[in-house]
2 protein chains.
Amino acid sequence: AASSPNDNSEVSSWVTFKGEIFDITDFVGLHPGGNKIMLAAGGALEPFWALYAVHSQEHVLEILSQYKVGELSAEDQLEKSYNDDVSDPYAWDPQRHPALVVNSLKPFNAEPPPEILTEDPITPNTFFFKRNHLPVPHVDPDSYKLEISGTGLPDTLTLTLDDLKTKFAKHTVTATLQCAGNRRSEMNKVKTVKGLEWGRGAISTARWGGVRLRDVLLHAGYKPDSCSLVQHVQFEGLDKDVTGTSYGASIPLHKALSEDGDVLLAYEMNGEVLPLDHGFPLRVVVPGVVGARNVKWLGKIILSAEESQSHWQQNDYKGFSPSVDWDTVDFSSAPAIQELPIQSAITEPEDGAILEKDSDMLTIKGYAWSGGGREVVRVDVSLDGGKTWCVAELRSAEGEEARPLGKAWAWKLWELSVPFPPDMNQLDIVCKAVDNSYNTQPDTVAPIWNLRGVLCNAWHRVRVTVTTH
Amino acid sequence: AASSPNDNSEVSSWVTFKGEIFDITDFVGLHPGGNKIMLAAGGALEPFWALYAVHSQEHVLEILSQYKVGELSAEDQLEKSYNDDVSDPYAWDPQRHPALVVNSLKPFNAEPPPEILTEDPITPNTFFFKRNHLPVPHVDPDSYKLEISGTGLPDTLTLTLDDLKTKFAKHTVTATLQCAGNRRSEMNKVKTVKGLEWGRGAISTARWGGVRLRDVLLHAGYKPDSCSLVQHVQFEGLDKDVTGTSYGASIPLHKALSEDGDVLLAYEMNGEVLPLDHGFPLRVVVPGVVGARNVKWLGKIILSAEESQSHWQQNDYKGFSPSVDWDTVDFSSAPAIQELPIQSAITEPEDGAILEKDSDMLTIKGYAWSGGGREVVRVDVSLDGGKTWCVAELRSAEGEEARPLGKAWAWKLWELSVPFPPDMNQLDIVCKAVDNSYNTQPDTVAPIWNLRGVLCNAWHRVRVTVTTH
């Protein structure tokens, strides 16, 4: 494998490009994109340049060539398949971008680095957080079939991908998805919880293209208000555990049928074919609702009087009082999470950062979102741990600036630029958001702590040190 | 006027009934209804016995007669009219129950005592909080006319009370109304705000009877989706200020037209004719939405591209960052409050109470509610200022136990009975609620402080002392 040509790896940084090795240590300070170049350090440039088209210029290659220090061996240049052991249930998992922060390899769970997360209101597919409960299934799009059945339907309906694309109007919805476990690592600091150690990156936003679930259910013969027995729409994924049990979840029928619900069966993500990690060839997108109900690799839709009986609907993804522990928990006592509460987080600067006061202005960035289509109307930012507050500037994705009431499905990025406060060497930066129901975030994590570490939406805090030259 | 026959008024309590005076000092501890008897101390029993039918028994009078100490003078027995000065704009204000805690007499604003507030999930009309912005108008029900006009309507429609009662189906909705200023007194303790000094009683629940606004708008000729210019439904009250300006407010058209919105034009309150203080003969009830939009003494309904241009919609009832003061406030920068956030408060015991540990059990009571039809799913109560928590029992109004998703318009009362913690002489009791979007209340008041003192939904706290005999 390639190793740094400079043994003092603490101070030098290298990258590879088309089989050549470059020591970019001296270039880092000159890089127009700033520190982001360090995301590629120690590996190949190709996946990053593929995302940032600005690098496709002759003079960029000229600059790079100045830093060449060696060449990769022939063996290192072979493109390595992620996994070629076909007996491995994860054999069909795709390659992923090296900059992702991996929480679990099998199943694959990873989040983007914070500074990439809030670069644009639309998250590139490559960096959209990945939350797989099971191995990525191998689905042949040509033989793929979606099965729709259950109470209130005359028959089982089977649709091919082609049926979905040709028989139904295509709709596009810009929606943020968030894992219930986003920011779980902060709960872990209060008291250990069960679950993946997510930072603040288990949230992303895409433009989803597909057909309305409502249209498909009506096409399947469901007559609204005809059958009060049907209360839930269950989804079954094609991803299975070793016993053959599929991932499953459900949403209320009302959300599925409502013209305002905007629930999609999506086959496109940001204009591209739905990626393998995001449910190829078809997934559910339930705007405003926790990620876990947005079932990927969708195999079956079942109308029912009951919620999904899956583990993930019944005995997971529910919130409890901090007093409830694994000895006393009664999962039937709490509702399955659907709509998520108001949320916000700081993505820049990083906790623990040392900021040089070389300019007069301090810039703080982050995201804010609320479930249920409730629009974020304000983000307050404090530099002194919550004693005084400033109002941040909000930024929506293009075309998402004026959403109908109750249909603000996408987050807003926010930014605050303020002069460095004089005489403060340490800043306790805090953010909190407000949605248009005027819900706000709780101040602290401990009182919302819960044994599964979900729903962590307390004020987000980072502490930074300010130095002067 | 009647005065206590016992000069030591600190320790004696008296009441009057049918012209006689009774010293009930020795009876207070024997009263089956407990301390509530003190609400009547110093005044007439009649208004309380009218509410609590249990007193209509021969032996109750026998008990009372034992405590007789004197008789009222003939002059004191004359029933005093509330207001007989017809030149006073408040001449038509009705008499009110003496137990109400009055914040302002003109206009009349008052809340029920906390222990009455949570006696039952349905608030008696007499005790339902009163929030008048202007004098109660004199409306003759026989000549009353409701006018419906505006963009998207072929003509102005005029309806009499009889039209409303005979041409439209009657609907009943159980809904909690809350003033945006509920709990404002807690914000005042942080820093002075403008507004009435509400305690935690500016919230109440009733069963409202009337017709659906949706039905009336369709009857008036509004064709849904025909006119995208219409975005708001404006309401004008018949109550006017000295310049002749009516109270006004608006709600989004979507809420007004939605079958799930349950917006009523109500002529009944808890099965009675709508009382004068609550908008006789007709008011708007907008479930899940701040009290200020539930316009009373309704005179006009206007469909419009714009929100109401009234002071109360444009320059009041909006939330701001704690950093905004009267010099910097830009009312156009914040949305008019519609749906309210999750809320809860403790009604018993009182802050500052001294509790005698004569039984082993401590009982704590309160209410919890959320806007937008979001159901309260849990109330956590702490005795140690928020370090540890217990889950309270919830209680719904009869028939309101299982509400459709998004239509939980009524509050839940809650109660926690726990053993007195050993070795604690002071309890810092705290409550916080969670709704089915898993929104929670912020921990403290200061970070949600705002110049108008609205939206105070931080954890509610009371401090009590525990003594032993």
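Miscellaneous remarks
- Cross-chain or 6+ apart pairs with Cβ under 9 Å, segment A:451-465 first and at positive phi and more than 13 Å from chain B (Cβ to nearest Cβ), then of a type in the set (A, V, I, L, M) and surrounded by fewer than 24 Cβ atoms within 10 Å (Cβ to Cβ): A:453/A:193; A:453/A:196
- The single condition from (1) under 25 Å from the mean Cα position of the chain (by Cα); (2) of a type in the set (A, V, I, L, M); (3) within 13 Å of chain A (Cβ to nearest Cβ) that residue B:410 fails is (3).
- Hits in segment B:266-295 (condition: part of a loop (DSSP other than H, G, I, E, B) and touching a residue at least 60 places away in the same chain (Cβ under 8 Å)): B:270, B:271, B:275, B:280, B:281, B:282, B:287, B:288, B:290, B:294, B:295
- Only one entry in A:186, A:197 is within 30 Å of residue A:413 (Cα to Cα), open to solvent by 20 Å² or more (accessible area, probe 1.4 Å) and in contact with a Cys (Cβ under 8 Å, 6 or more places away or on another chain), namely A:186.
- For residue B:93, the stated conditions hold: it is of a type in the set (Asp, Glu) and assigned to a loop (DSSP other than H, G, I, E, B).
- Comparison of B:466, B:434, B:445 shows that the only residue that is within 22 Å of residue B:120 (Cα to Cα) and among the β-branched types (Val, Ile, Thr) is B:434.
- Residue A:236 open to solvent by 10 Å² or more (accessible area, probe 1.4 Å), under 19 Å from residue A:152 (Cβ atoms) and part of a loop (DSSP other than H, G, I, E, B): no
- Selection from segment B:123-140 of residues that are open to solvent by 40 Å² or more (accessible area, probe 1.4 Å) and out of contact with any helix residue (DSSP H, G or I) (no Cβ under 7 Å at 6 or more places or on another chain): B:138, B:140
- Given (1) modelled with pLDDT of 95 or more; (2) out of contact with any strand residue (DSSP E or B) (no Cβ under 8 Å at 6 or more places or on another chain), index of the condition residue B:358 fails: (1)
- Residue check, residue B:394 surrounded by 19 or more Cβ atoms within 10 Å (Cβ to Cβ), in a strand (DSSP E or B), within 14 Å of chain A (Cβ to nearest Cβ) and not β-branched (Val, Ile, Thr): no
- Residue list for segment A:324-360, restricted to those being among the aliphatic types (A, V, I, L, M) and either open to solvent by less than 60 Å² (accessible area, probe 1.4 Å) or assigned to a loop (DSSP other than H, G, I, E, B) (or both): A:324, A:329, A:334, A:336, A:337, A:340, A:342, A:345, A:346, A:353, A:355
- Some residue of segment B:145-156 being open to solvent by 10 Å² or more (accessible area, probe 1.4 Å), in contact with an Asp or Glu (Cβ under 7 Å, 6 or more places away or on another chain) and farther than 30 Å from residue B:319 by Cα: yes
- When residues in segment A:247-271 are screened for being of a type in the set (S, T, N, Q) and either within 13 Å of another protein chain (Cβ to nearest Cβ) or on the phi < 0 side of the Ramachandran plot (or both), 2 of them pass.
- Test result for residue B:369, within 14 Å of another protein chain (Cβ to nearest Cβ), within 26 Å of residue B:179 (Cβ to Cβ) and aromatic (Phe, Trp, Tyr): yes
- With respect to the stated conditions, residue A:374 is more than 7 Å from every other protein chain (Cβ to nearest Cβ), at negative phi and open to solvent by 10 Å² or more (accessible area, probe 1.4 Å).
- Residue count for segment A:418-438 satisfying the condition of being among the hydroxyl-bearing types (Ser, Thr, Tyr) and either on the phi > 0 side of the Ramachandran plot or loosely packed, with under 14 Cβ neighbours inside 10 Å (or both): 1.
- Sole exception among (1) at the interface with chain B (Cβ under 9 Å from one of its Cβ atoms); (2) buried (at least 19 other Cβ atoms within 10 Å of the Cβ); (3) in contact with a helix residue (DSSP H, G or I) (Cβ under 8 Å, 6 or more places away or on another chain) for residue A:404, by number: (2)
- Considering residues of segment B:306-346 that are away from chain A (no Cβ under 14 Å) and of a type in the set (A, V, I, L, M) only, the residue farthest from residue A:442 (Cα to Cα): B:346
- Figure legend. Inter-residue proximity from segment B:51-63: first residues under 14 Å from residue B:32 (Cα atoms), second residues in a helix (DSSP H, G or I) and open to solvent by less than 70 Å² (accessible area, probe 1.4 Å), beta-carbon distance below 6 Å, spacing 6+ or different chains. Indicated pairs: B:55/B:49.
- Residue list for segment A:377-391, restricted to those being more than 9 Å from every other protein chain (Cβ to nearest Cβ) and of a type outside the set (A, V, I, L, M): A:384, A:385
- Enumeration of residues in segment B:417-437 that are assigned to a loop (DSSP other than H, G, I, E, B) and either more than 13 Å from every other protein chain (Cβ to nearest Cβ) or free of Cβ contacts under 8 Å to residues at least 60 places away in the same chain (or both): B:420, B:421, B:422, B:423, B:424, B:425
- Among the residues of segment B:185-214, the ones that are among the basic types (Lys, Arg), over 30 Å from residue B:253 (Cβ atoms) and assigned to a helix (DSSP H, G or I) come to 1 in all.
- Output for segment A:253-265, where each listed residue is part of a helix (DSSP H, G or I) and touching a helix residue (DSSP H, G or I) at 6+ places or on another chain (Cβ under 7 Å): A:256, A:257
The values are calculated or read from the model by the stated rules, or taken from the named source; none is laboratory data. Keep in mind that this is a model prediction, so the values were computed, not measured. Note: ideal-geometry Cβ built from the backbone for every residue, glycine included; neighbour counts use all protein chains shown. Heavy atoms of the whole protein, side chains included, go into the accessibility calculation; ligands, DNA and RNA do not. Shrake-Rupley method; radii C 1.70, N 1.55, O 1.52, S 1.80 Å.
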